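Here's the structure we're looking at; comments come further down.
None of the figures in this text is laboratory data; all of them are computed from the coordinates on show. As the structure is a prediction and not an experimental result, all values here were calculated from the model. Ideal geometry is used to build each Cβ from the backbone, glycine not excepted, and the neighbour counts take in all protein chains shown.
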Amino acid sequence: MTIRPAYVYKICIIGDSAVGKTSTILRWSEGYFRKEYQSTVGVQHYSRIVNAGNDNTHVKLMIWDLAGQDVFRQLRASFYEGAKGLIIMFDVTRQETFASISKWIKEAMGFLGENIPYIIVGNKTDLVPGETHFFGAKEYAKALKAPFILASAKTGTNVNDMFMEIGNIVHAANLEQLSKEKHWVK
């Protein structure tokens with residue numbers, strides 16, 4: 001039996017090169033971890049139908065993996081179009097990737113507007129032993145009023161949770177917008 005989603009949401013995953021965006025998506029969509037690094041050229045996209053919201057509505061999340069290298073900045077502009085949410089990822093072992101988060105937010109909001117929902121994800125936690133502060137990322141996300149999730153594509157820790165989090169946020173925002181539009185028409 002084919003499940004038909006009630007809604008389809010485009011989500012862009014962004015962040016510096018080699019923070020684990022593609023590996024995380026592959027863990028979520030295909031169920032495996034790719035050990036060798038392969039740089040994304042331009043964009044790749046993956047999808048999966050999940051249950052979102054309090055009513056467990058079937059929604060299709062189309063995850064667009066945008067290349068993180070600066071050389072692809074102009075190309076990324078066209079790939080943001082139609083996105084309903086963002087996952088902004090950094091590598092917990094490389095502070096410079098965390099420092100780039102504000103640049104990524106500014107870039108995405110320049111194309112999508114300031115009301116685009118997003119989450120911040122610190123990836124590669126399997127490489128850091130014990131409790132770590134992660135450059136103040138939790139406090140930074142709190143100041144931005146954005147959910148913050150620590151994950152590991154290698155072990156799968158919190159990978160499903162991060163996609164469910166953004167899926168639920170985007171679905172709720174969509175339902176709220178639809179409700180406003182219905183109210184406006186009456």
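Could you tally the net charge around Thr24, taking each other residue with its Cβ under 10 Å from the Cβ of Thr24, Lys/Arg +1 and Asp/Glu -1? Counting the neighbours of Thr24, the net charge comes to +3. Pairs of Lys residues in the range 7-185 that lie 8 or more places apart, or on two chains, and have C-alpha atoms under 18 angstrom apart add up to 21.
Taking the DSSP beta bridges in the range 7-185 as the whole, what percent of them are antiparallel, to the nearest 5? Don't jump to the answer; show the numbers that get you there.
Values: 10 of 30 bridges.
Around 35 percent of the beta bridges assigned by DSSP in the range 7-185 are antiparallel ones.
Among Leu66, Leu144, the ranking by other beta carbons within 10 Å of each residue's beta carbon, starting with the fewest, stands as Leu144, Leu66.
Note on Asp161 and Glu139: their simple-model spin labels are 2.2 nm apart, each label 7 Å out from Cα toward Cβ. Rg over Rh for the chain works out to 0.96, both radii taken from alpha-carbon positions and Rh defined as the Kirkwood radius. In the chain, taking the dipole from charged Cβ atoms about the Cα centre, the farthest positive-side position among Ile25, Leu127, Ala6 is held by Ala6.
So for each of 84-95, 157-168 I average, over its residues, the number of other beta carbons within 10 Å; can you give me the resulting order with the highest mean first? Show your work: numbers first, answer last.
Working: 84-95: 22.0, 157-168: 20.2.
Averaged packing, sorted descending, gives the order 84-95, 157-168.
Taking a ≥ b ≥ c as the square roots of the eigenvalues of the alpha carbon gyration tensor, the range 84-182 is prolate, as a/c is not under 1.5 and a/b beats b/c. Per residue, the average separation of C-alpha pairs within less than 8 Å and at least 6 apart gives the chain a relative contact order of 25 percent.
Could you tally the net charge around Asp91, taking each other residue with its Cβ under 11 Å from the Cβ of Asp91, Lys/Arg +1 and Asp/Glu -1? Let's see the in-between values first.
Working: positive: Lys21, Arg94, Lys124; negative: Asp16, Glu96.
Net charge around Asp91: +1.
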